[in-house]
Every structure is written in structure tokens, then in C-alpha cells.
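Worksheet for the structure shown next.
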Amino acid sequence: MEFNTSFLKHASSIIAPSGYEKEVVDVWCKEMSQYVDEINLTNIGNAVAVKYGCGNIRKKIMITAHADEIGIIVTYIDNDGYLYFDEIGGIDTNILPGRTVLIKGVDNRIIKGVIGVKPIHLQKDPGSKQSLNPEDLWIDICVGNKDSALELVEVGSIGTLESVAYQQSTKMIGKAMDNRCSLSAMISIAQILAEKKCIDDIYYVATTQEELRGRGAQTAAFAINPDLCIVLDVTHATDYPGMSPVRDGNINLGKGVVVAIGPNMDNEITKKVVSLAKNLNINYQIEVFARPTGTDANVIQISRDGIRTLLLSIPCRYMHSPVETIDIEDLKSCCTLITELIENRHYL
Ligand SMILES: [Zn+2]
């Protein structure tokens with residue numbers, strides 16, 4: 001299959017951390033509207049795109065991918081016009097100094113700043129291992145005072161690290177591949193299934209606030225109450241120096257979609273998915289989670305009286321950094337597996 005990467009490149013560039021997803025959700029809805037019967041936005045900002053099936057008795061199949069990303073929020077502006085901030089979602093503060101940030105400022109104008117860094121010459125103990133906190137850092141937008149800063153940004157403005165997505169062979173590198181790559185996979189899945197006669201209703205959901213423990217997904221699962229939910233997210237690739245298969249698992253870029261196994265996933269349907277991938281020669285990898293996963297699958301599975309949940313993941317190197325790296329071939333195997341699963345109702 002062909003995979004159109006233009007949505008992913010664009011979506012990666014959008015500044016949309018948890019709680020501020022609307023811009024990326026709107027772009028996704030515009031793409032999805034070609035392939036579904038209706039789209040609704042919910043109070044927490046989820047988008048629910050529904051394609052009704054042609055069966056008389058239909059199941060509800062929900063597919064989710066979170067739209068949010070990690071980011072920063074301005075908490076204080078000092079008299080010299082420096083911005084202080086807190087982190088939205090799980091950020092490694094040590095990777096921040098010396099990076100540029102893009103802030104959605106006053107009137108949504110994009111303001112560029114640098115996260116200040118003390119030169120090594122001036123550090124008291126440059127050899128010591130850094131363990132920074134957000135309050136040790138500041139954003140410099142190159143204004144001389146607070147009034148000038150307030151013309152551009154305000155307390156509560158949000159931003160993300162600057163990063164321009166690019167493609168190198170089959171790899172895509174950039175920020176927010178977690179989880180805009182799954183949003184792009186959903187568009188391809190919807191496009192393929194729009195041409196097929198599916199029995200069941202499909203609810204494609206772009207969820208909000210996953211990075212804050214699945215808050216959007218929790219409400220979506222309750223409202224839709226599906227017979228099956230397929231969660232799409234990224235997972236940690238382990239194919240780079242310093243990783244051990246025993247300790248960290250064995251997940252490789254380009255070796256296929258990752259099927260999650262463990263108590264957070266429905267065992268019976270997961271087995272069916274694995275044998276489907278085997279039978280159709282679709283590349284797949286297995287990842288074991290002994291505990292609840294850190295994905296939307298966690299809250300979805302325990303919504304209402306329990307929802308049968310699958311978790312399929314795209315391997316990603318350097319998660320929660322501006323250089324998240326994924327492989328388009330893995331997106332393709334994910335799309336093939338899901339479209340086969342739904343078209344031929346292998347979950348029954
Ligand atoms: Zn994610």
C-alpha cells in the first residue's frame with residue numbers, strides 16, 4: 001500500500017499539547033470527513049468520526065489515537081521579560097537547555113524563544129551529572145522588559161520544542177510522532193474501509209489529554225460504550241545503543257506493528273489478531289506488559305463494566321523528544337492488520 005505522509009508532516013508541526021489540541025484535531029477532522037458519515041466534537045475536545053456499517057445487527061468498533069503531545073505552559077514573566085514555565089506531560093528536563101521553543105502567544109501569534117543555558121565556562125561543577133528541574137530554566141524571547149514580553153505572550157501561553165519533521169528513507173523524524181503518526185494511520189484506515197462494505201459501525205476517535213493519563217479517552221469510552229476498542233499509540237523502540245533485550249524488550253523500527261500482550265489487553269482477541277497477522281504474512285512484533293500500559297488502553301479497558309481492548313503500537317525511538325523517529329513501513333503494517341481485522345470481523 002501507499003502511505004501519504006503529508007498529513008503527518010503537517011500535524012507534527014502543529015503546537016497542540018494536552019488540553020490545547022483543537023488545531024490538530026481540526027486538521028484531522030478535515031481529512032477524515034471524506035471517509036465517514038459524521039463527525040462530532042465532545043466537551044473535552046475529542047473528535048469522534050463515525051462510519052456506519054451496513055449490517056442489520058452491528059457491533060460498535062472504536063479506534064482511538066491521542067492527538068495531544070507534551071509541551072510547556074508559561075507560569076511567570078519576570079521584570080526583564082524572561083518567561084518561566086512548567087511542563088505538560090512527561091518531559092526529560094535535561095534535554096531542554098539550548099533548545100528553541102515555539103509559543104502560541106497573544107492572538108495565537110507564534111513566538112520563538114530559546115531555553116537559556118549557562119555556558120560550560122560559567123558552571124560551578126561542569127563535570128557533574130545534571131538533574132534539572134523546570135524552575136532552573138527560563139525562556140528568552142529577546143525582549144528587554146516585562147511590558148514588551150506581555151505584548152507577545154501571557155501567563156498561560158503554551159508551546160512546544162521547535163522541530164521540523166523530515167523523512168529519511170522510510171523513517172520520519174520530528175516532534176509529536178507520538179502520536180500524530182497514529183492519527184495519520186487512522187486516516188489511511190478510514191480511507192481503505194470507506195471503499196469496503198463493512199458490517200459494523202466504526203468510531204474513529206482522536207482523543208485529548210492522553211499525556212495526562214488518558215483523560216479524553218476515559219470520556220470517549222464511556223460515551224461510545226464500544227464492543228471492542230483498538231488503541232493506537234507509539235511504543236519504545238529498543239534498537240539503539242545501550243538497550244538490552246532482557247531488560248528493555250526487543251522492538252525494532254521497520255519490523256512491523258507491535259501487538260501488546262498482557263492484562264491490559266483482551267487476551268482472546270489479541271490472540272486472534274496475532275494469528276491473523278501470521279496468516280496474512282503481515283509484519284508484527286510482540287510487546288509484553290505485565291502491568292497496565294501508560295496508554296489510553298489503561299482507562300478504556302476499565303470504563304463502564306469493562307471494555308474489550310486491544311493495543312497496537314508503532315515503534316518509536318527517542319520518545320518525548322523533538323527527534324522522535326518512526327518507520328512508515330510500520331504504519332503500513334498497522335493499517336493492513338486493522339483493515340483486515342475489521343472488514344472480515346476477525347474479532348468475532
Ligand atoms: Zn502517546
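At a glance:
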read-out: Cβ charges +1 (Lys, Arg) and -1 (Asp, Glu), total dipole of the chain, debye; value: 920 debye
read-out: Segment 15-96: trypsin sites (Lys or Arg not before Pro) in DSSP coil with no more than 16 other Cβ atoms inside 10 Å; value: Arg58
read-out: With Cα atoms, 0 to 90° folded angle of helix 267-279 axis to the chain main axis; value: 80 degrees
read-out: Distant alpha-carbon pairs in the chain (separation over 24 angstrom), percent; value: 56 percent
read-out: Calculated from backbone phi, Karplus (6.51, -1.76, 1.60) coupling profile of segment 232-247 in Hz, x at Gly/Pro; value: 10, 8, 8, 9, 6, 6, 10, 9, 9, x, x, 9, 10, x, 5, 7
read-out: Whole-Hz couplings from phi, Karplus 6.51/-1.76/1.60, listed for segment 109-118; x for Gly and Pro; value: 6, 8, 10, 9, x, 10, 7, x, 9, 6
read-out: Leading residue at positive end of dipole, the chain (Cβ point charges), from Ser6, Cys142, Met186; value: Met186
read-out: Residue-averaged [θ]222 nm for the chain, counting only DSSP H segments that reach four residues, each worth -39500 (n - 2.57); value: -8000 deg cm²/dmol
read-out: Per-residue HN-Hα couplings for segment 93-106 [Karplus 6.51, -1.76, 1.60; θ = phi - 60°; Hz; x = Gly/Pro]; value: 4, 5, 8, 7, x, x, 8, 9, 10, 10, 10, 7, x, 4
read-out: Dipole magnitude of segment 71-161, debye to nearest 20 (Cβ charges: Lys/Arg +1, Asp/Glu -1, about Cα centre); value: 320 debye
read-out: Förster-model FRET efficiency, 25 Å R0, Asp248 and Ile110, C-beta, rounded to 0.05; value: 0.10
read-out: Cα centroid of segment 142-208 to Cα centroid of segment 293-348, whole Å; value: 16 Å
read-out: Max mean-square fluctuation residue, GNM over the chain, Cα-Cα springs under 10 Å, options Asp233, Asp200, Asp136; value: Asp136
read-out: Crossing angle, helix 177-194 versus the chain [Cα axis fit, 0-90 degrees, rounded to tens]; value: 30 degrees
read-out: Reach of Lys60 by Cα under 28 Å, taken over lysines that are not fewer than 8 positions away in the same chain; value: Lys22, Lys30, Lys51, Lys196, Lys197, Lys271, Lys272, Lys278, Lys332
read-out: 5 angstrom amide H check on Ile63, placed H, neighbours 5+ away; value: Tyr203, Tyr204, Val205, Ile230
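Values quoted throughout were computed directly from the atomic coordinates according to the rules given, and no laboratory measurement underlies them. Values in this document were obtained by computation on a predicted structure and should not be read as measured data. We place every Cβ from the backbone using ideal geometry, glycine too, and count neighbours over all the protein chains shown.
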